[in-house]
Amino acid sequence: MTSTVEPEKPDLYLVPTPIGNLQDITLRAIEVLKSADILLAEDTRTTGRLLKHLDIQRPLQSYHIFNEHKTVEKWLSAMKEGKQVALVSDAGTPGISDPGFLLVRAAREAGLIVHCLPGPTAFVPALVNSGLPNDRFVFEGFLPHKKGRKTRLDFLKEENRTMVFYESPHRLMKTLLQFKETMGGDRMACVSRELTKIYEENIRGTLDELIAYYEENPIKGEIVLTLSGKT
Ligand code: SAM
């Protein structure tokens with residue numbers, strides 16, 4: 001059992017950062033980036049550029065999928081010694097298809113206080129822009145690339161809530177075609193590209209329409225794919 005009444009000073013902050021438009025950083029996020037004792041970054045160069053833009057000069061420690069298992073204990077010890085740690089990923093909310101979960105779980109299991117600040121993440125604007133029902137939805141993150149992909153698609157065929165996927169531009173067509181094959185070409189979907197950036201685009205249509213559109217208009221940039229549930 002864990003308490004919901006927590007003292008004011010967290011041991012671990014998760015700090016969301018912009019997914020494109022740098023204006024989307026919150027005042028509170030800036031404050032934490034200035035004050036935390038230790039800043040962990042998925043890519044120190046990417047976060048370094050953000051800090052430079054914010055006029056913050058702080059050392060950054062590396063925390064990414066290749067070292068998170070090895071370093072969790074080290075950062076846990078630092079928190080236990082009273083250091084306040086802040087984690088940022090390259091963009092959006094840490095822990096959402098990004099490193100974060102392991103550290104949060106370890107911190108919570110050690111009885112430490114964790115606060116995730118509210119802020120940028122790609123799936124929320126994509127879901128809302130899609131015009132698909134959002135009273136209930138499921139976040140699917142990235143589909144498995146190979147092993148388990150077909151099983152997942154067959155499972156999702158019966159899902160009746162709106163589904164949200166992260167996808168790469170070079171795999172979009174394959175995914176749209178597999179959705180069509182599994183769920184039929186008349187399912188509604190929306191492709192949100194480059195959210196919050198200059199070339200933001202949200203294209204909505206049936207899977208058949210989207211396939212036809214992207215055959216003519218090859219896509220670049222970052223993508224969230226939103227798919228209607230079974231009706
Ligand atoms: N932690 C991030 C979040 O909170 O959204 C997600 C990180 S995940 C590694 C990166 C994926 O998020 C991209 O491949 C893309 O699917 C999606 N994404 C991130 N920024 C985006 C943007 N500006 N427009 C569309 N999709 C974006």
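The values are calculated or read from the model by the stated rules, or taken from the named source; none is laboratory data. Remember, it's a predicted structure, so these values are computed and weren't measured experimentally. All Cβ positions, glycine included, derive from the backbone under ideal geometry; neighbour counts span all protein chains shown. These area figures cover heavy atoms from the full protein model, side chains too; ligands, DNA and RNA do not enter into them. Shrake-Rupley method; radii C 1.70, N 1.55, O 1.52, S 1.80 Å.
In segment 102-115, the residues that are within 11 Å of L12 (Cα to Cα) form Cβ pairs under 7 Å with partners that are of a type in the set (K, R), at six or more places apart or across chains, as follows: V114/R108. Of the residues making up segment 199-231, those that are assigned to a loop (DSSP other than H, G, I, E, B) and of a type in the set (A, V, I, L, M) number 1. Screening segment 88-127 for residues that are within 15 Å of the chain's Cα centre (by Cα) and open to solvent by 60 Å² or more (accessible area, probe 1.4 Å) and picking the one that is nearest to E42 (Cα to Cα) gives D90.
Where in segment 83-171 are the strands (runs of 3 or more DSSP E), entirely inside, with at least 1 residues that are among the charged types (D, E, K, R) and not assigned by TED's automatic domain parsing to the domain that holds S62? Give the steps one after another, and end with the answer.
Numbers: elements: 85-88, 114-116, 137-142, 162-167.
Passing ranges, in order: 137-142, 162-167.
Out of everything in segment 172-198 that is part of a loop (DSSP other than H, G, I, E, B) and open to solvent by 80 Å² or more (accessible area, probe 1.4 Å), what residue ends up being nearest to the ligand (Cβ to nearest atom)? Filtering segment 172-198 for residues that are part of a loop (DSSP other than H, G, I, E, B) and open to solvent by 80 Å² or more (accessible area, probe 1.4 Å), the one nearest to the ligand (Cβ to nearest atom) comes out as I198. Here segment 41-82 is the region considered, the condition is being among the hydrophobic types (A, V, I, L, M, F, W, C) and in a loop (DSSP other than H, G, I, E, B), and the residue that is nearest to the ligand (Cβ to nearest atom) is I65. If I filter segment 1-21 for residues that are exposed (fewer than 11 other Cβ atoms within 10 Å of the Cβ), in contact with a Lys or Arg (Cβ under 8 Å, 6 or more places away or on another chain) and not in a helix (DSSP H, G or I), do I get at least one hit? Yes, segment 1-21 contains at least one residue that is exposed (fewer than 11 other Cβ atoms within 10 Å of the Cβ), in contact with a Lys or Arg (Cβ under 8 Å, 6 or more places away or on another chain) and not in a helix (DSSP H, G or I).
Report whether or not E201 is open to solvent by less than 60 Å² (accessible area, probe 1.4 Å) and either in contact with a strand residue (DSSP E or B) (Cβ under 9 Å, 6 or more places away or on another chain) or on the phi < 0 side of the Ramachandran plot (or both). Can you show your working first?
Numbers: open to solvent by less than 60 Å² (accessible area, probe 1.4 Å): yes; either in contact with a strand residue (DSSP E or B) (Cβ under 9 Å, 6 or more places away or on another chain) or on the phi < 0 side of the Ramachandran plot (or both): yes.
Yes, satisfied.
Of all the residues in segment 206-231, those that are more than 16 Å from the ligand (Cβ to nearest atom), hydroxyl-bearing (S, T, Y) and crowded, with 18+ Cβ neighbours inside 10 Å number 1.
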